[in-house]
Amino acid sequence: MTPPAVDDGRRTPAAVLCGVGIARGDIVVSNAEIAGRLGVADDWISSRTGIVERRRVDAGTSTADLAVRAAGAALKSAGVQSVDVVILATATPDHRMPGTAPEVAARLHLCAIPAFDIAAACAGLPYALQVAKGFIADGAARRALVITVDRLSHLTDPDDRTTATLFGDGAAAIVVRRGRAGEPGAVGPVILGADGRYADALVVPHGKFMRMRGRDVFQHAVTRMAQAAEEAAAAAGWSLGDVDRFVPHQANSRITKAVGRRLHLHGGTVLDDIAHVGNTSAASILFALAHAAADGALRPGHRVLLAAFGAGLTWGATTLTWPDVPCVADRPDRSPRLEAAR
C-alpha cells in the first residue's frame, strides 16, 4: 500500500467530524446465556474475547431501524437537520435490492440527495470516510452523514463456538463538514486495502450462517491493522509516539491487545470497548470513541489513530485530532455522560 501524499490544507478542503451518534441493541445477552448452550464456562468466553455481555435487537428491528436511530442522534450532535449525501456502511442490508441508505435518508427527511450503501464489512468506517472526503473535496457536498450499522446476530450460528460469543448489534453515525486540514476533527489521509485471496476466511454463504477460520482471521487482522495504522500515521506526519489514543476495530480483546503490542502502544493509549457491547462490526470504532469521550478517556485535542479490519479481506486506517463535540446516544447508554436523544 502506498500512502497518499500529505496535503497542506490550502488546496483541498478537509472533512471535519462535527457530530457523533450511537444506537445499540436493546436486548442484553450475557455470557451465561450463551455458555450453557455451548457447554462452556462463562470465563471461557470472557478470557478468549474480553466480552461480558453483548447487545442485540429483536427479530422485528431492521438494519434501517438501527441506522435511523444512530443517524438522528448524530444530526442532533452536529446541530443540523440536513446533509448533502448519506453513506451507509453495512454487511447486513435489509434487502438485496434496494440499498438500505435511501430508506434511511427518506425516514430522516433527507430526500433527493445521494444515498447509497458500502459493503466493506467491519472495515466499513474508513472506506465510507474516504468516500465522504471525496464528496467534500470536489465540492459535491458541504456536509456528509456517514452511518455504520450491522445486525449480525441473525447471521450467527448459536451453536458455533467460533462466532456465537462475539457479535452484538448496533449502529453509529457521524456528520462531517467541509473545513480545513489541521483543525480539530479533520480526517487525515485514509489508508485502504483488500485481499480477496482470503475471502473464505470470514464468509456468510448464501442462505447460511457465518463461518470463520478464527486463527487466520486473527493473524491477518493483527498484521493488516498494524501495517495500515503505521502508514496512516506516517501519511499524517505523525510518529506512533504522537498518538494519544489508538482505536482498532473491536473484534475481540486478544486482537486489540496484539495490535497494540505490534505498534508498541500500551496502557491507556489503546481503547478496548468490547466488554459490554460485543463486536459491533462496522460500528465498533465509533462506539469505542463515543464511550471513551463520555467516560473522559478521550478528550478534545487528543491525537487519535483508527484502524479497521473485516471480511473481504478488507482493512483501513486514518487519523484525526479529537474535536469538542457532544456524543449523543439514541437511548440512555452505559455512561451517564452520554447525552440521550429525545
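The values are calculated or read from the model by the stated rules, or taken from the named source; none is laboratory data. Note that the structure is a prediction, hence the values are computed from the model and not measured. Neighbour counts are summed over all protein chains in view; Cβ atoms, including those assigned to glycine, are modelled from backbone coordinates with ideal geometry.
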Check your understanding: Can you find a residue in the stretch 247-264 that is surrounded by fewer than 21 Cβ atoms within 10 Å (Cβ to Cβ) and not in a helix (DSSP H, G or I)?
Key -> yes
Point to revise | Residues located in the stretch 89-99, provided they are in contact (Cβ under 8 Å) with a residue 12 or more places away in the chain and either in a loop (DSSP other than H, G, I, E, B) or not hydrophobic (A, V, I, L, M, F, W, C) (or both) | key: Thr90, Ala91, Thr92, Pro93, Asp94, Gly99
Exercise for review: Return yes or no: is Leu108 among the hydrophobic types (A, V, I, L, M, F, W, C), within 22 Å of Cys327 (Cα to Cα) and out of contact with any strand residue (DSSP E or B) (no Cβ under 6 Å at 6 or more places or on another chain)?
Suggested key: yes
Exercise for review: Identify the residue in the stretch 168-184 that is crowded, with 24+ Cβ neighbours inside 10 Å and within 20 Å of Leu320 (Cβ to Cβ) and, among all such residues, is nearest to the chain's Cα centre (by Cα).
Suggested key: Ala172
Point to revise | Filter result for Thr165 (crowded, with 20+ Cβ neighbours inside 10 Å, within 20 Å of the chain's Cα centre (by Cα) and in a loop (DSSP other than H, G, I, E, B)) | key: yes
Review point. Taking the stretch 266-288 only, how many residues are part of a helix (DSSP H, G or I) and on the phi > 0 side of the Ramachandran plot?
Key: 2
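For every residue, the table says whether it meets (1) under 21 Å from Leu306 (Cα atoms); (2) in contact with a helix residue (DSSP H, G or I) (Cβ under 7 Å, 6 or more places away or on another chain); (3) assigned to a helix (DSSP H, G or I).
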position	(1), (2), (3)
Ala101	no, no, yes
Val104	no, yes, yes
Leu110	no, no, no
Ile113	no, yes, no
Ala128	yes, no, yes
Lys133	yes, no, yes
Ile136	yes, no, yes
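Any residue in the stretch 155-164 that is in the same structural domain as Asp295 (by TED's automatic domain parsing) and under 24 Å from Leu271 (Cβ atoms)?
Looking only at the stretch 155-164, we keep the residues that are in the same structural domain as Asp295 (by TED's automatic domain parsing), and these are none.
No; the residues of the stretch 155-164 include none that is in the same structural domain as Asp295 (by TED's automatic domain parsing) and under 24 Å from Leu271 (Cβ atoms).
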Check your understanding: Out of the residues in the stretch 54-74 that are crowded, with 23+ Cβ neighbours inside 10 Å and among the aliphatic types (A, V, I, L, M), which is nearest to Glu33 (Cα to Cα)?
Key -> Leu66
Check your understanding: Which one of Thr314, Thr269 is among the polar types (S, T, N, Q), crowded, with 19+ Cβ neighbours inside 10 Å and not assigned by TED's automatic domain parsing to the domain that holds Ile147?
Key -> Thr314
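Conditions tested, residue by residue: (1) assigned by TED's automatic domain parsing to the domain that holds Leu125; (2) without any contact (Cβ under 8 Å) to a residue 40 or more places away in the chain; (3) out of contact with any Lys or Arg (no Cβ under 8 Å at 6 or more places or on another chain); (4) among the basic types (Lys, Arg).
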{"residue": "Pro205", "(1), (2), (3), (4)": "no, yes, no, no"}
{"residue": "Asp216", "(1), (2), (3), (4)": "no, yes, yes, no"}
{"residue": "Leu263", "(1), (2), (3), (4)": "no, yes, yes, no"}
{"residue": "Val277", "(1), (2), (3), (4)": "no, no, no, no"}
Review point. How many of the residues making up the stretch 219-246 are free of Cβ contacts under 8 Å to residues at least 60 places away in the same chain and either within 20 Å of Leu155 (Cβ to Cβ) or outside the structural domain of Ala317 (by TED's automatic domain parsing) (or both)?
Key: 0
Revision key, fill the gap. Selection from the stretch 138-156 of residues touching a Phe, Trp or Tyr at 6+ places or on another chain (Cβ under 8 Å) and either in a helix (DSSP H, G or I) or aliphatic (A, V, I, L, M) (or both) yields Ala141, Ala144, Leu152, Ser153, Leu155
Review point. Has the stretch 34-46 got at least one residue that is more than 19 Å from Ala172 (Cα to Cα) and in contact with a strand residue (DSSP E or B) (Cβ under 6 Å, 6 or more places away or on another chain)?
Key: no
Revision key, fill the gap. Asp159: passes all of (1) acidic (Asp, Glu); (2) assigned to a loop (DSSP other than H, G, I, E, B); (3) out of contact with any Lys or Arg (no Cβ under 8 Å at 6 or more places or on another chain) but (3)
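Within the stretch 289-315, track down each residue that is on the phi > 0 side of the Ramachandran plot and at pLDDT 95 or above. Outline the logic, then answer.
To start, the set of residues in the stretch 289-315 that are on the phi > 0 side of the Ramachandran plot comprises 296, 301, 312.
Answer for the stretch 289-315, where residues must be on the phi > 0 side of the Ramachandran plot and at pLDDT 95 or above: just Gly301.
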